[in-house]
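Shown next, in C-alpha cells, is the structure this report addresses.
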Amino acid sequence: MSETLISARGVRKNFGQTEALRGIDLDIRRGEVLAVMGPSGSGKSTLLHCLGGVIVPDAGSVALGETVVSDLDEQRRARLRLTEFGFVFQFGQLLPDLTALDNVSIPLLLAGMKRRDALGEARDWLGRLGLTGLGRKLPSELSGGEAQRVALARALAPRPKILFADEPTGSLDSFAAENVMTMLLGLVRESGTTVVLITHDPRTAAYADREIVVRDGQLSGAARVGAL
Ligand code: ADP
C-alpha cells in the first residue's frame, strides 16, 4: 500500500497579493483516503485544484506517477481530469436540466462510451448509491443527500484513480452526511480508489487513513497518521 500515486513538490500559488500556497510537499499513496483540514482561507481548495490539474502552480510540481501534471497544457489536463480524476464539491453541481441518470452518464459519454452502455453503467451506479428508481428525477426534485449521492455516482462512474472531494457533506445534515460518507468510503475501499477529502468536520475526517492540516498555505505539523 506504500506506492506513491500523486506527489507534490514545492507547490506555490498566488492570487494577486495573496499567497494561497507557500511551498507544499505532499505524497499521497495509492488507495489512501487523505483528509485535508485547516481553517477557511488556508489554501485547502487551492491545493486540491493544483493536485487535480484544475489549475497549475506558479512554482513547484505535481506528478501523477510519471506524468508531471503541472507541465501539461489545459487540453491535456482536461483529458486527465476526465479519465483519471473524479470531483465532488460541497454543492453537487449537477446539471439542473438533466435527470439524475443523464447527469451520471455524461462523463461516460464524454469518455467515448456508447449511449446505451453509459446509461446502463449510470443506472448501476445509482443503484450502488441507494438511488434506484430516482434516475428520472431532476436535481431540483432530489433531497440534498440524494443530490450529493448522484454527484458521487457521477464522479465514481468513470472509475477514477483519485477522487477529489471538497466538503462533499458540507451542506448536509449530520444524518445525510454520515450516509454519504459511509457510501463513499464503502465504494472507494472496494475499488481501491485514492481519495483527497477536504473537510472541516472532525467526524468526517475520522473516516480517513490520514489527516493533514493546511495553515497559511503550508502543511502544519499537526497531522494524524492512521493505520494503512
Ligand atoms: P480554503 O479552501 O482553505 O478555504 P482557498 O484555497 O479557497 O482556501 O483560498 C486560499 C486563499 O486564496 C484565500 O485567501 C482566498 O481568498 C484566495 N483565493 C482562492 N482562490 C482565489 C481566486 N480564484 N482568486 C483570488 N483569490 C483566491
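A search for C-beta distances below 7 Å between a residue of the stretch 172-187 that is outside any helix (DSSP H, G or I) and any residue that is not charged (D, E, K, R), counting only pairs 6+ apart in sequence or on different chains, returns Leu172/Gly144; Leu172/Gly145; Leu172/Gln148; Leu172/Val180. Regarding the stretch 69-92, can at least one residue be identified that is closer than 19 Å to Gly217 by Cβ, at pLDDT 95 or above and in a loop (DSSP other than H, G, I, E, B)? There is no residue in the stretch 69-92 that is closer than 19 Å to Gly217 by Cβ, at pLDDT 95 or above and in a loop (DSSP other than H, G, I, E, B).
Candidates in the stretch 170-211 are the residues that are more than 22 Å from Gly43 (Cβ to Cβ) and within 13 Å of the chain's Cα centre (by Cα); of these, the one that is surrounded by the most Cβ atoms within 10 Å (Cβ to Cβ) is Leu184. Residue-level check: of (1) closer than 29 Å to Ser174 by Cβ; (2) outside any helix (DSSP H, G or I), Ala122 misses just (2). When restricted to residues that are surrounded by fewer than 19 Cβ atoms within 10 Å (Cβ to Cβ) and either within 18 Å of Ser45 (Cα to Cα) or in contact with a Leu (Cβ under 6 Å, 6 or more places away or on another chain) (or both), the stretch 83-109 contains 3. Pull up the stretch 12-39, narrow it to residues that are in contact (Cβ under 8 Å) with a residue 40 or more places away in the chain and assigned to a loop (DSSP other than H, G, I, E, B), then point me to the one that is nearest to Pro202 (Cα to Cα). It comes out as Gly38.
Looking across the stretch 18-57, just one residue is of a type in the set (S, T, N, Q) and at pLDDT below 95, and that is Ser40. When Val214, Val188 are checked against the criterion of being in contact with a Leu (Cβ under 7 Å, 6 or more places away or on another chain), more than 28 Å from Glu19 (Cα to Cα) and at pLDDT 90 or above, Val188 stands alone in meeting it.
The values are calculated or read from the model by the stated rules, or taken from the named source; none is laboratory data. Just so it is clear, the structure is predicted and the values come from calculations on it, not from any experiment. With ideal geometry, Cβ positions are generated from the backbone for all residues, glycine too; neighbour counts draw on all protein chains shown.
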